[in-house]
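S.K.: Pasting a structure below so you can have a look.
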Amino acid sequence: MEPMTRQRFEDLVRRALDTLPGEFYERLQNVDVVVDDEPTAEQLRTGGVEEGHTLLGLYEGVPLTARENYGFVLPDKITIFKRPIEEMCDSADAVVEEVQQTVMHEIAHHFGMDDEELHELGL
Ligand SMILES: [Zn+2]
């Protein structure tokens, strides 16, 4: 589908955050959620992505469950990638849906769940 403006896409991400269940939202700690056009080569490596595949979103940081001795470190970062999401969607509605899924998925990583657990939950 036609790329949407960066502004519009960022609004979708913000809305996805706003519609998180309350207890989720309140427990979000020290995490930045940003939008980028595409993952960098390094982010693809971090995300363990195989050649020919891409990332829709990426969580980088220290999950809450692993924060026993957590001091003054950089905030966690969740990046949502605009172009790969647009490329797999054929309508604006599909993009809205995919952004919500991706935000939920990455936030679940922030809460310490791994991809296998998320897969079982359909996220
Ligand atoms: Zn994941």
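Quick note: the coordinates plus some simple rules give every number you see, no bench work behind them. Everything numeric here is computed off the predicted structure, so don't read it as measured data. All Cβ positions, glycine included, derive from the backbone under ideal geometry; neighbour counts span all protein chains shown.
S.K.: For His53 and Asp18 in the same chain, what is the full-extension length gain: residue separation times 0.36 nm, less their Cα-Cα distance, in nm? Intermediate results must be reported in sequence, preceding the final value.
M.R.: Working: separation 35, 0.36 × 35 = 12.60 nm, distance 2.94 nm.
This chain segment gains 9.7 nm when fully extended.
S.K.: Normalised by the number of residues in region 6-120, what is the relative contact order in percent for Cα pairs under 8 Å and 6+ residues apart? Present the calculation step by step, with values, prior to reporting the outcome.
M.R.: Values: 119 pairs, mean separation 37.4, N = 115.
For region 6-120, the relative contact order is 33 percent.
S.K.: How much mean residue ellipticity at 222 nm does the chain get from its helices, if each DSSP H run of length 4 or more adds -39500 (n - 2.57) and you divide by all residues, to the nearest 500 deg cm²/dmol?
M.R.: After summing the helix terms and dividing by residue count, I get -13500 deg cm²/dmol.
S.K.: From the phi of every residue in region 37-47, what ³J(HN,Hα) in whole Hz does the Karplus formula 6.51 cos²θ - 1.76 cosθ + 1.60 yield, where θ is phi - 60° and glycine or proline is x?
M.R.: Rounded to whole hertz, the list is 5, 8, x, 7, 4, 5, 5, 4, 5, 3, x.
S.K.: Along the positive direction of the dipole of the chain (beta-carbon charges: Lys, Arg +1; Asp, Glu -1; about the Cα centre), which of Gln29, Leu17, Met104 reaches farthest?
M.R.: It is Gln29.
S.K.: Run the numbers for Arg45 and Arg8: contour at 0.36 nm per residue of separation, minus the present Cα-Cα distance, in nm.
M.R.: Working it through step by step, the gained length comes to 10.5 nm.
S.K.: On to the next question. What three numbers, in Å, describe the spread of the alpha carbons of the chain along their principal axes, ordered from the longest?
M.R.: 46, 35, 30
S.K.: Still on this structure, please answer the following. Would you mind ranking Lys77, Lys82 by Cβ crowding within 10 Å, fewest neighbours first?
M.R.: Listing Lys77, Lys82 from fewest to most nearby Cβ atoms yields Lys77, Lys82.
S.K.: Ranking Val31, Val13 by Cβ neighbours within 10 Å, fewest first, what do you get?
M.R.: Val31, Val13
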